[in-house]
Amino acid sequence: MAANNRRLSGKKGAQVGSGGQRRRGLEGKGPTPPAEMRKGHAKQRAAAAKVRRAQTRAPQRRGGGRSASEMVVGRNPVVEALRGGVPASTLYVQQFIDNDERVREALQLAAERGGINLMEAPRPELDRMTNGLNHQGLVLQVPPYEYAHPEDLLDAAAEEGEDPLVVALDGVTDPRNLGAVVRSVCAFGGHGVVVPERRSAGMTAGAWKTSAGTAARTPVARATNLTRVLESYKKAGLTVVGLAADGEAELGDLEALSGPVVIVVGSEGKGLSRLVGETCDIRVRIPMPGGAESLNAGVAAGVVLYETARMRG
């Protein structure tokens, strides 16, 4: 009863079992934190909302977009794609497939590379995925290609402290030619390739294979309007050099190749389109003593890139 009296008494001072709370309550709490850090303050709520908006806002990228995913179908094409280093996300293998040498090699290559999912699927499912093509029990899924933006190629040259060296393709529709150009650009120190978004070869499995792995190091940019991109390159200080059988200059005499330049290669049959040809600062011809009328895009680009590398020393 005495204890109850003590708890109910009106005496001042520390109560039994206070543990020094009164003494700590007299200690200073330091400087007042800014409003943005005080829980429940209007400025703190506004700052938190700003952070949430920044986290949920989609990141802005300047890239040239993505291609659609692609399926490589058939035993030989799948094995060749895996040998050639074509990017792949999934290897589909038909259930109860005849395990021949090509199937074993495909499985081994996919396992050695790593990062490729191995999926077993019934034949009807593979038929549906490939729209009835003769897949022979093997299907390789190639992920979408991430195209660069045309300005990214100039940025890459600036970062390396070099004059830009870019190849643009006009009306080249064979992916193997694109792959060959990418390989030459990589070999001779170029900074990338520009292709139109429409009526042009894209970075398919065939282009990857022909590039012999260099597509992983050489960016390919996609242009909505090639003529507009060439005009922007001219404003950035590049000389636009078009390849044409009836060009006014000969390759060995073209000093412009020693500076910032974009080399425009047309299709083997039609050459440069009218608008692109009119946009070029100069058109150059490749001397061919053997009498051939023209070279395909891959070979023509390789010849000019070699001469450019020689001039730049």
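Side notes on the structure shown:
- Figure legend. Inter-residue proximity from region 131-143: first residues open to solvent by 70 Å² or more (accessible area, probe 1.4 Å), second residues part of a loop (DSSP other than H, G, I, E, B), beta-carbon distance below 8 Å, spacing 6+ or different chains. Indicated pairs: Leu133/Gly74; Asn134/Gly74; Gln136/Gly74.
- Scope region 103-150; condition in a strand (DSSP E or B) and farther than 26 Å from Val220 by Cβ; matching residues: Leu118, Met119, Glu120, Ala121, Leu138
- Inside region 266-313, residues that are part of a strand (DSSP E or B) and of a type in the set (Ser, Thr, Tyr) make up a count of 1.
- Counted residues, region 86-102 - those being under 24 Å from the mean Cα position of the chain (by Cα), farther than 16 Å from Asn76 by Cβ and assigned to a loop (DSSP other than H, G, I, E, B): 2
- Only residues that are surrounded by 15 or more Cβ atoms within 10 Å (Cβ to Cβ) and among the aliphatic types (A, V, I, L, M) were counted in region 266-281, giving 2.
- Selection status of Arg222, more than 18 Å from Glu146 (Cβ to Cβ), of a type in the set (D, E, K, R) and within 17 Å of the chain's Cα centre (by Cα): no
The values are calculated or read from the model by the stated rules, or taken from the named source; none is laboratory data. Because the structure is predicted, anything quoted here is derived from the model rather than measured. Quick reminder, even Gly has a Cβ in these numbers, built from the backbone with ideal geometry, and neighbours come from all protein chains shown. Calculation scope for accessible area: heavy atoms of the full protein, side chains included, ligands and nucleic acids excluded. Shrake-Rupley method; radii C 1.70, N 1.55, O 1.52, S 1.80 Å.
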